[in-house]
Amino acid sequence: MAKMKGALIGCGFFAVNQMHGWQDLADVEIVAICDRDPDRLTIVGDQFGVARRYQSANALFADGGFDFVDIATTVGSHRALVELAASHKVPAICQKPFAPTLEDAKAMVAAADKAGIPLMIHENFRWQTPILAVKAVLDSGAIGEAFWGRVSFRSGFDVFSGQPYLAKGKRFIIEDLGIHSLDIARFLFGDANRMTARTRRINPDIAGEDVATMLLDHDNGITSIVDVSYATRLPEEPFPETFVEIDGSKGTLRLGKDYRLIVHGPDGTTESVVAPNLLPWASRPWHNIQESVALIQKHWVERLAAGREPDTSGRDNLKTFALVEAAYLSAERAETVSLQDLLT
């Protein structure tokens with residue numbers, strides 16, 4: 001069976017994880033890479049043995065010879081690159097955040113639909129092993145029907161040294177990290193229709209917000225809290241773990257530090273460790289995120305081969321992106337925002 005061929009655009013900090021993930025898939029080969037920085041091209045190309053290297057995305061697509069493109073650039077370039085892929089009818093994966101604005105995101109989904117190509121957003125947090133374990137417990141009915149939940153990511157980790165551009169944007173934690181936490185809330189609790197949010201900037205050396213607290217009203221009646229912080233100094237740094245609390249009609253679930261999962265229900269209390277696998281190329285504490293990269297890429301290949309829409313398709317991600325927009329609007333206006341107004 002011939003290997004599925006891919007191209008990668010963007011050879012920065014996070015793209016190396018994606019290259020490792022692709023390398024692990026026996027039925028996939030990245031045949032070309034693209035980046036405006038020749039040094040990055042050399043580093044990634046040499047590390048992963050990719051001979052075809054481009055500084056121009058137009059030149060990359062003109063030469064073709066690949067079945068999909070993985071866009072791992074920063075947000076400002078996403079729309080142009082997705083629309084370029086659509087014009088060549090090449091299926092595309094796009095890094096999150098999807099786009100600078102919800103209107104851009106809608107336009108990208110429309111372009112992919114018109115071209116008849118799959119478009120997936122690299123929303124990998126829901127693919128983390130501990131989050132999948134939480135979802136499995138919920139689906140099993142062990143704690144009954146959920147009515148309240150919390151998705152929490154609080155850390156003092158220095159994310160700016162590896163990604164210095166994060167300190168410069170007027171939007172920071174909701175757009176960069178909160179988007180993952182909000183997607184987890186959708187994954188676990190279903191779509192939301194109202195958002196109430198508050199934000200703060202604690203670090204004086206950054207331009208955007210580094211703390212956000214969001215209250216979501218879900219369509220099914222569940223209330224959830226999503227709180228994120230990069231200004232929280234703890235005695236033990238939990239980065240990059242996401243903590244989850246869920247109350248159900250028959251019991252409770254708590255996912256805590258070191259991937260400890262406690263489930264309490266009618267039959268008693270169970271405790272387990274739902275830690276991610278440490279892949280050969282991964283390193284602690286990043287291995288949780290790194291494994292989820294490999295898992296979402298495997299999902300993409302399987303869905304692409306089967307001709308089925310991926311779970312985190314562009315169309316689906318519009319709902320997560322709308323939550324991000326609603327959070328910023330709510331914080332700015334100090335009022336609750338309806339999601340229906342943003343998605344119509």
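Structure notes:
- Scanning segment 245-269 for residues that are under 25 Å from Val226 (Cβ atoms) and among the small types (Gly, Ala, Ser) gives Gly248, Ser249, Gly251, Gly256, Gly265.
- From the options Ile289, Ile296, residue that is assigned to a helix (DSSP H, G or I) and either more than 26 Å from Leu343 (Cα to Cα) or at pLDDT below 95 (or both): Ile289
- Filter pass, Ile225 being over 23 Å from Pro285 (Cβ atoms) and either within 21 Å of the chain's Cα centre (by Cα) or not acidic (Asp, Glu) (or both): yes
- Looking only at segment 247-273, residues that are over 17 Å from Gly149 (Cβ atoms) and either acidic (Asp, Glu) or in contact with a Leu (Cβ under 9 Å, 6 or more places away or on another chain) (or both) come to 6 in all.
- Residue in segment 270-278 that is open to solvent by 60 Å² or more (accessible area, probe 1.4 Å), farther than 25 Å from Ser224 by Cβ and at pLDDT 95 or above present: yes
- Residues within segment 57-73 that are closer than 21 Å to Ala2 by Cβ and not in a helix (DSSP H, G or I), tallied: 7
- The set of residues from segment 235-254 being over 19 Å from the mean Cα position of the chain (by Cα), under 28 Å from Ile222 (Cα atoms) and in contact (Cβ under 8 Å) with a residue 60 or more places away in the chain comprises Glu245, Ile246, Asp247, Gly248, Ser249, Lys250, Gly251, Thr252, Leu253.
- Of all residues in segment 89-114, those satisfying the criterion of being assigned to a helix (DSSP H, G or I) and open to solvent by less than 20 Å² (accessible area, probe 1.4 Å) are Leu102, Ala105, Met108, Val109, Ala112.
- Criterion: among the polar types (S, T, N, Q), over 21 Å from the mean Cα position of the chain (by Cα) and assigned to a loop (DSSP other than H, G, I, E, B) - qualifying residue of Asn277, Asn220: Asn220
- Within segment 164-205, the residues that satisfy the criterion of being more than 21 Å from Asn317 (Cβ to Cβ) and not in a strand (DSSP E or B) are Pro164, Tyr165, Ala167, Lys168, Lys170, Arg201, Ile202, Asn203, Pro204, Asp205.
- Exclusive hit being within 21 Å of Ala32 (Cβ to Cβ), open to solvent by less than 20 Å² (accessible area, probe 1.4 Å) and assigned to a helix (DSSP H, G or I), set Ala80, Ala86: Ala86
- Candidates Arg233, Arg194 - the one that is surrounded by fewer than 18 Cβ atoms within 10 Å (Cβ to Cβ) and in contact with a strand residue (DSSP E or B) (Cβ under 6 Å, 6 or more places away or on another chain): Arg194
- Cβ-Cβ under 9 Å pairs, at least 6 apart or on other chains, segment 169-188 side more than 15 Å from Ile289 (Cα to Cα) and touching a residue at least 40 places away in the same chain (Cβ under 8 Å), far side assigned to a helix (DSSP H, G or I) and among the charged types (D, E, K, R): Arg186/Arg126; Arg186/Asp316; Arg186/Lys319; Phe187/Arg126; Phe187/Lys135; Leu188/Arg126; Leu188/Lys135
- Within segment 320-333, being of a type outside the set (S, T, N, Q) and in contact with a strand residue (DSSP E or B) (Cβ under 8 Å, 6 or more places away or on another chain) holds for Leu323, Ala326, Ala327, Tyr328, Leu329, Ala331.
- When Ile131, Ile121 are checked against the criterion of being in a helix (DSSP H, G or I) and touching a strand residue (DSSP E or B) at 6+ places or on another chain (Cβ under 9 Å), Ile131 stands alone in meeting it.
- In the condition set (1) closer than 26 Å to Ala167 by Cβ; (2) surrounded by fewer than 21 Cβ atoms within 10 Å (Cβ to Cβ), Glu209 is compliant with all but (2).
- Gly169, sole failed condition from (1) open to solvent by 10 Å² or more (accessible area, probe 1.4 Å); (2) under 30 Å from Gly248 (Cβ atoms); (3) among the small types (Gly, Ala, Ser): (2)
- Hey, Asp311 open to solvent by 60 Å² or more (accessible area, probe 1.4 Å), out of contact with any Leu (no Cβ under 6 Å at 6 or more places or on another chain) and either under 30 Å from Val69 (Cα atoms) or in a loop (DSSP other than H, G, I, E, B) (or both) or not: yes
The values are calculated or read from the model by the stated rules, or taken from the named source; none is laboratory data. Bear in mind the structure is a predicted one, so any value in this text is a computation, not a measurement. Ideal geometry is used to build each Cβ from the backbone, glycine not excepted, and the neighbour counts take in all protein chains shown. The accessibility values were calculated without ligands, DNA or RNA, using every heavy atom of the protein model including side chains. Shrake-Rupley method; radii C 1.70, N 1.55, O 1.52, S 1.80 Å.
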